[in-house]
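In what follows, a single structure is set out as structure tokens and then discussed.
We did not get these values from a lab; they are worked out from the coordinates using the rules stated. Remember, it's a predicted structure, so these values are computed and weren't measured experimentally. Every residue, glycine as well, gets a Cβ built from its backbone with ideal geometry; the counts of neighbours run over all protein chains shown.
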């Protein structure tokens, strides 16, 4: 352009295109385009503030949140006949927390089927007792149904290996418990999805709080196909137990989905039929070692050490702690990867103490306080305004970062603290198994069978 050297033509944004010297007409904009226009005109801070305001409290980015009201939610692999109802007390959606906290009511309907998922599962009963059954083999024996005995009751916490096929119900009568879930993909929606947020369930979790177990039936339409559900007969089919209990099928499916590959795409790269890959991901058929190796090579995943992840099924502990004593871990470190670390702390009235919400050097560390009983006042640091939070039985306080808070108990109070962290401070001992290897006699038949299987391994497995 003649005479234009060294000049800058100022461009302003309007309704999807760049035009010179024209201001945006906000009245013509709506939705995200309005926020986008605000960003271009006023900057990121103003646009972010307005976006958070319009999205509502779930997008709050404050470093703390109090949940005193449960939102109905849906267990993605729970059938109506299971008689299990969920209320979500999870951290705000904007925090992108890897775990969810649910208050569940379990009817006394003993289960015959099993569910499973890779990740973590903690259970803290608050009323009644929770029964579990598992379909498991510690090795050197066929898998069998194992019932948790005695059921887990109040005053205790249970950690299970959720990859092992399992299910739960109220022992003898309806039970209420806190359930902390993490899927291996760190996406809570994989396991539990929020239901109708307009129907909130307010309550302390005490004996007079009522959420009918049958309400799970009204939410069944929101569920995805229940692929993480299986029967004992299905688990006895060759290869099925290994694919499920060792987490192989779920790992392959999750990795494929994260890469954006369809089953057709991956099957083409591996050189197999898409239907064969679908059966592999659903653990519906035995698979050759050669095919497994090809799939793992394409997805760049390892499964050689997956067997160890199925070597334990559960551990439990008493929720004991002295009043105002710095909380200590209550469970042992499992042999599988884990990021949820539970602590327990009791507070007595008239005493005031300072507590750290995190348990490591990680500054950004999400943690949650589940108030099992009592009433306490939690005072935030002065840099957050020195605000006080009143929490009581059935409430959950979430912290987005590690803070030092002052706690004043108004009643004798008990709190379970869940810390999400890569740093482990659990007790240093593996959870005990139902059956120890040394307790199982080795027969001549077993030695002969083992020898035959090892010889087959040396010859290489053939596709079945």
For the pair residue 236 and residue 308, what calculated FRET efficiency results from E = 1/(1 + (r/R0)^6), where r is the Cβ-Cβ distance and R0 = 22 Å, to the nearest 0.05?
0.45
Extension gain (nm, one decimal) between residue 172 and residue 258, 0.36 nm per residue minus Cα-Cα
26.8 nm
Please compute the volume of the convex hull spanned by the alpha-carbon atoms of the range 321-420 and report it per residue in Å³.
93
With Kirkwood's inverse mean 1/r over C-alpha pairs for Rh, give me the Rg to Rh ratio of the range 73-166, two decimals please.
0.97
Just subtract the alpha-carbon distance of residue 285 and residue 392 from 0.36 nm times their residue separation and send over the number in nm, one decimal.
33.5 nm
